[in-house]
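Below is the structure I would like to discuss, written out as C-alpha cells.
Where a number appears in this text, it was derived from the coordinates with a stated rule and is not lab data. Computed from a prediction, not measured in an experiment: that's the story for all the values here. Neighbour counts run over all protein chains shown; Cβ positions are idealised from the backbone, glycine included.
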Amino acid sequence: MTSEEITDLLTKAYVDEFETMMNYLANAIVLDGVHAEEVKESLEEDVQEELEHAQILGERLKQLDESPPGSEEFEARQTNLQPPADTTDVQSVIEGVLEAEEDAIETYRSLVEAASEANDPVTEDVAVTILADEEAHLTEFRGFEKAFPAEQ
Ligand SMILES: [Fe+2]
Ligand SMILES: [Fe+2]
C-alpha cells in the first residue's frame, strides 16, 4: 500500500524537474559574455540530467499505479530563475540555480524519509539516486558562485 505522501512528492518532484529544465534551457541559450560560457555549458548538461530525473519519476509513478501529470497541473514557482533582462547578469542565474537545487534537495530528502517510513525501498532508492545528482549540481554552482565575483 503506497502512501499518498509518496505519490504526491513524486508528482511534485516530476513537475519541478520540468520547470527547472525550462529555465535552465532558456538561461543556457540567453546568457552572454565571456563569463557565461562555463555556466551555459553546465546548464545544458543539467537539462539532460533533469530530463532523466523526470523520466525516472514518471516511471515510478506508473509502477505505483499513478500517472505522471500533464501540463494542466503545471504551476510555475521559480520566479528567480527567469532569464534576466540583462543577459550578461550571470550572477543572478547562478543564484536562481542554487535556489532551485536547494529546493530539489529538500523535496528528495522528504521523499527519502517518506519512502523509508512507508517501507518502500524502490522509491527510496530512486530518491537517493536523484538526490545525489542534485547535490552534485549544487556543488558545481556553489563553485561558480565563489569564482564569479573574482573574475569580474
Ligand atoms: Fe533533477
Ligand atoms: Fe539539478
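If you scan segment 83-123, which residues turn out to be surrounded by 14 or more Cβ atoms within 10 Å (Cβ to Cβ) and among the polar types (S, T, N, Q)?
Result: Thr87, Gln91, Ser92, Thr107, Ser110, Ser116, Thr123.
If you go through segment 4-24 one residue at a time, do you hit one that is without any contact (Cβ under 8 Å) to a residue 12 or more places away in the chain, within 15 Å of ligand 2 (Cβ to nearest atom) and at negative phi?
Taking every residue of segment 4-24 in turn, at least one turns out to be without any contact (Cβ under 8 Å) to a residue 12 or more places away in the chain, within 15 Å of ligand 2 (Cβ to nearest atom) and at negative phi.
Restricting the search to segment 124-141, which residues are touching a residue at least 12 places away in the same chain (Cβ under 8 Å), within 12 Å of ligand 1 (Cβ to nearest atom) and surrounded by fewer than 17 Cβ atoms within 10 Å (Cβ to Cβ)? Let's see the steps before the verdict.
Restricting attention to segment 124-141, the residues satisfying the condition of being touching a residue at least 12 places away in the same chain (Cβ under 8 Å) are 124, 126-131, 133-135, 137-138, 140-141.
Subsequent filtering for residues that are within 12 Å of ligand 1 (Cβ to nearest atom) retains 126-127, 129-131, 133-135, 137-138.
Residues satisfying the conditions are Thr129, Glu135.
Of the residues that make up segment 72-82, is at least one touching a helix residue (DSSP H, G or I) at 6+ places or on another chain (Cβ under 8 Å), free of Cβ contacts under 8 Å to residues at least 12 places away in the same chain, loosely packed, with under 12 Cβ neighbours inside 10 Å and not in a helix (DSSP H, G or I)?
Checked segment 72-82: no residue is touching a helix residue (DSSP H, G or I) at 6+ places or on another chain (Cβ under 8 Å), free of Cβ contacts under 8 Å to residues at least 12 places away in the same chain, loosely packed, with under 12 Cβ neighbours inside 10 Å and not in a helix (DSSP H, G or I).
Among (1) on the phi > 0 side of the Ramachandran plot; (2) within 16 Å of ligand 2 (Cβ to nearest atom), which single condition is Phe144 missing?
Every listed condition holds for Phe144 apart from (1).
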